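The values are calculated or read from the model by the stated rules, or taken from the named source; none is laboratory data. Just so we're clear, the structure is a prediction, and the values are computed from it rather than from any experiment. Every residue, glycine among them, receives a Cβ derived from its backbone with ideal geometry; neighbour counts consider all protein chains shown. Areas reflect the complete protein model, heavy atoms only, side chains present, ligands, DNA and RNA absent. Shrake-Rupley method; radii C 1.70, N 1.55, O 1.52, S 1.80 Å.
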Amino acid sequence: MLKLIIEDDEGRKTVVPFVRDEITIGRQEGNTIRLTERNVSRRHARLLRQSVNVLIEDLGSYNGIKVNGDRITGQVQVQDGDLIQIGDYDLAIQREEEARAAAASSATVPLDPSRAPTALATATVKLPDPGATMPSLPVVNVPEASEDDIQDAPAADEPPRHQSTAVIRIDQVAGSRPQRTVQSLDANEAPRLVVLNTDFAGREFPCTRTELRIGRTDDNDIAIDHRSLSRTHCKLVREDSGEWKIIDLQSANGLMVNGEPYAQVTLRIGDVLELGHLKMKFVAAGDSVTINSGTSNVTSESSKPASSKGPLIAVVLALLVIVIGGGGYVMMKSGSTTDPKPVKPIDPVVEPIKVVENPTVDPKPPDDPPKSNQVDVEQKNDKLIADAEASIASGDLTTAEAYLQQCKVGASLCPRAQAMLGQLSSEKGYLAALNEAKKALDKGDLKGAGVALDNARQTKLLRARLSELDRQRSVAVEALVAANANKPPIVKPALPDPNVANEAKKAQIDKLLADAKDAKKNGTFKTAVDALLKCLTIDSKNPDCTVSLASTYATRGSKENNEEDNKKAKQMYEQFLKVAAPEDKRRARVADILAGQK
């Protein structure tokens, strides 16, 4: 059986049985799994099980979904152990068969019948506050480490490798822990972060609290104003066991430890952290770091040599002996009476010796691109965004998507392109509705065009095209109304065509409703009321005219504190309930309004 593992930014993990063919994830109620952090959209993602495969789909979320660090579009297949990032949460799919051997030696937590896996087919999993990440489901006990879990110690000259990467394993799952309380630590016993490169090389930041946020802005505990850092890039957390953990906070350029990417990982003394282009070393209290040409060494205070100038003095003395001895030999040869020959002085070739007492670092490290290149990249990206926006305005979303895929910062998509790509997935449906409206207008089907335009009202990127088609439809409606108004009388009229009459009537009502809406928006309530009363003279049982008139009376009564208008609004709302169809979705809202007035 499949299991879905959810981990929040505090390290709490939850296991949810994957017993449905479809699981929705989002912030609002009604989702199968509810994650209540603000960076999760109301309807954020959907997991689909197809035979043995699992697909994940972005439902038009604002912050998007990352799989193994890459933002996705459309449906993407996920494998066991792939890291799925939704807001502040990390998720992974795990098959029970792969974890059975690790869990065999541990007792299973007894299941509450009300929370048995089969209950997930009819109930929604909600993660409670304050962590808002833990559904009330039984968790899997953590088994004792087996021999397969034990790794050989790294060689002395290699950086330590961590047992776990950013992928969540089911045998790491533990029960929820209480809210962590941030405490201060003794500065003499606290570890430190030492910057190894950039203009900040040599800067030290003691870890004097049990939780520290690191980022580019001043509201962080450790603020380093470097362009490759996110506003809040990551955080350091000291566990109750004394271990330190670093957690990536959805940063743009990610987190690496000893050259490997992580979402979160437990640190060891000597680990080298990479936050964007910034490198830092995690050192213990009392240890020092020597920075020289991009390398660093850690030595304890007790093991420091008494003086770093001893070898230098010895080399200088040796050079003096060579120079003096060579000079004496030349003088002796020049004073000899036998066959004096000019002696060509020999310049000793000595490699220059560099003594670094107060080491500094090149202000432009290799991993920072030259400013000219950065300007070129920014200009290129600005043009790509502009081209994408122009393509969107013309309705060509495919070309716009191609432009956005080329907008890169390093190997990753630029933030503006990521945001626009997230919106394009939902905009494609609105584009189809607008195309349908255009076809209906070309055929003279004003009613069909109106329905299609209503289906595209929520668009954000295609507002210009929506407005233009609305204008074209309004012009067509006005022309139809004028044609019917100026039509000369027929002495011997034939049997009326009910379809033509109904269409003309509908066009008049649509025009009056549109005029009333514009008048209400501009605050000319009398004009709006007159238009809606005329609408009801054409069709006294029209629900749209009735509810619009009620809303107009209510708005004017509220703004002008007019009790007479409030009474009229109530009467019209009651009339709407009489004339509206039973399936009209507005009935419930009107009923609530009337209930609130009692």
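I'd like the residue in segment 378-405 that is closer than 17 Å to A419 by Cβ and of a type in the set (S, T, Y) and, out of all such residues, is surrounded by the most Cβ atoms within 10 Å (Cβ to Cβ). By that ranking, first place goes to Y403. Taken as a whole, the condition of being under 19 Å from the mean Cα position of the chain (by Cα) and among the β-branched types (V, I, T) applies to T232. Listed by position, the strands (runs of 3 or more DSSP E) inside segment 210-260 whose residues that are within 25 Å of A187 (Cβ to Cβ) and in contact with a Lys or Arg (Cβ under 8 Å, 6 or more places away or on another chain) number at least 2 are 211-215, 234-238, 244-248. Checking S425 against (1) touching an Asp or Glu at 6+ places or on another chain (Cβ under 7 Å); (2) not in a helix (DSSP H, G or I), which test does it fail? Result: S425 fails condition (2) only. Applying the criterion of at least 1 residues that are under 15 Å from the mean Cα position of the chain (by Cα) and at pLDDT 90 or above to the strands (runs of 3 or more DSSP E) found wholly in segment 1-105 leaves 22-26, 45-50, 53-58, 84-86, 89-95. Tell me which residues, restricted to segment 212-241, are open to solvent by less than 30 Å² (accessible area, probe 1.4 Å), more than 21 Å from D199 (Cβ to Cβ) and of a type outside the set (D, E). Hits for segment 212-241 are L212, K235, L236, V237. Of T24, T32, T14, which residue is open to solvent by 10 Å² or more (accessible area, probe 1.4 Å) and in contact with a Leu (Cβ under 8 Å, 6 or more places away or on another chain)? Selected residue: T24, the only one of T24, T32, T14 that is open to solvent by 10 Å² or more (accessible area, probe 1.4 Å) and in contact with a Leu (Cβ under 8 Å, 6 or more places away or on another chain). Looking at (1) within 27 Å of L59 (Cβ to Cβ); (2) surrounded by fewer than 19 Cβ atoms within 10 Å (Cβ to Cβ), find the lone condition where Q472 falls short. Checking Q472 against (1) within 27 Å of L59 (Cβ to Cβ); (2) surrounded by fewer than 19 Cβ atoms within 10 Å (Cβ to Cβ), the one that fails is (1).
Yes/no per residue for (1) at negative phi; (2) under 43 Å from the mean Cα position of the chain (by Cα); (3) crowded, with 20+ Cβ neighbours inside 10 Å:
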site: N522; (1), (2), (3): yes, yes, no
site: S558; (1), (2), (3): yes, yes, no
site: N561; (1), (2), (3): no, no, no
site: E564; (1), (2), (3): yes, no, no
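Among the residues of segment 21-39, those identified as more than 14 Å from I6 (Cα to Cα) and touching a Lys or Arg at 6+ places or on another chain (Cβ under 6 Å) are D21, R27, Q28.
Pairs linking a residue in segment 574-593 that is more than 10 Å from A550 (Cβ to Cβ) to a residue that is among the charged types (D, E, K, R) and outside any helix (DSSP H, G or I), with Cβ atoms under 6 Å and 6 or more positions apart or on different chains, are V579/K541. Answer yes or no: is there a residue in segment 530-551 that is in contact with a Pro (Cβ under 7 Å, 6 or more places away or on another chain) and open to solvent by 20 Å² or more (accessible area, probe 1.4 Å). No, every residue in segment 530-551 fails to be in contact with a Pro (Cβ under 7 Å, 6 or more places away or on another chain) and open to solvent by 20 Å² or more (accessible area, probe 1.4 Å). How many of the residues making up segment 250-259 are closer than 18 Å to D8 by Cα and open to solvent by 30 Å² or more (accessible area, probe 1.4 Å)? Residues flagged as closer than 18 Å to D8 by Cα and open to solvent by 30 Å² or more (accessible area, probe 1.4 Å) within segment 250-259 amount to 1.
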